[in-house]
Amino acid sequence: MKTAAAILFGIILMLGCSPSGHAMESASCACRDGIVSKGDVMAEVVKKCGPPTFQSQRQETRLDDTKESRTITTITIDEWTYNFGPNEFMYNLRFENGRVMKIESLDYGY
């Protein structure tokens with residue numbers, strides 16, 4: 001009985017210490033001047049949402065291995081985070097070679 005109580009206490013403690021929310025993939029991001037969707041280019045996003053709150057960039061090498069050929073390509077990955085304030089959700093946008101490939105809805109902003 002003590003073991004079950006200890007396990008239950010541990011689970012409750014872990015849930016209480018975990019972050020309040022998790023990123024969830026979204027189909028779009030509503031901004032002040034329009035809606036951002038997958039496939040939009042960086043210039044469209046800036047026009048609709050303004051400059052991001054945070055941004056990072058890196059290079060990623062990918063291997064496309066088929067029966068006919070093996071191709072190695074390098075793509076540019078940009079991650080932009082938008083913080084629209086405490087009453088709105090934050091969004092993380094992932095660009096690959098300048099196009100939105102993934103939109104994640106985060107917790108409320110600050």
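The values are calculated or read from the model by the stated rules, or taken from the named source; none is laboratory data. Given the structure is predicted, the values throughout are model-derived calculations rather than measurements. Every residue, glycine as well, gets a Cβ built from its backbone with ideal geometry; the counts of neighbours run over all protein chains shown.
Scan segment 43-62 for residues that are surrounded by 15 or more Cβ atoms within 10 Å (Cβ to Cβ) and closer than 30 Å to Ile72 by Cα and jot them down. Glu44, Val45 - these are the residues of segment 43-62 that are surrounded by 15 or more Cβ atoms within 10 Å (Cβ to Cβ) and closer than 30 Å to Ile72 by Cα.
Considering each residue of segment 50-106, count those that are assigned to a strand (DSSP E or B), of a type outside the set (Phe, Trp, Tyr) and within 19 Å of Met24 (Cβ to Cβ), and give that number. The total comes to 13.
The C-beta contact set for segment 97-110 (first residue among the small types (Gly, Ala, Ser) and surrounded by fewer than 16 Cβ atoms within 10 Å (Cβ to Cβ), second residue at pLDDT 95 or above and not in a loop (DSSP other than H, G, I, E, B), distance under 9 angstrom, 6+ apart or interchain) comprises Gly98/Val41; Gly98/Met42; Gly98/Ala43; Gly98/Thr76; Gly98/Asp78.
Please state which one of Ala23, Ala5 is surrounded by 12 or more Cβ atoms within 10 Å (Cβ to Cβ), at pLDDT below 95 and not basic (Lys, Arg). Before the answer, list the steps.
On the way: Ala5 fails: surrounded by 12 or more Cβ atoms within 10 Å (Cβ to Cβ).
Answer to the selection: Ala23.
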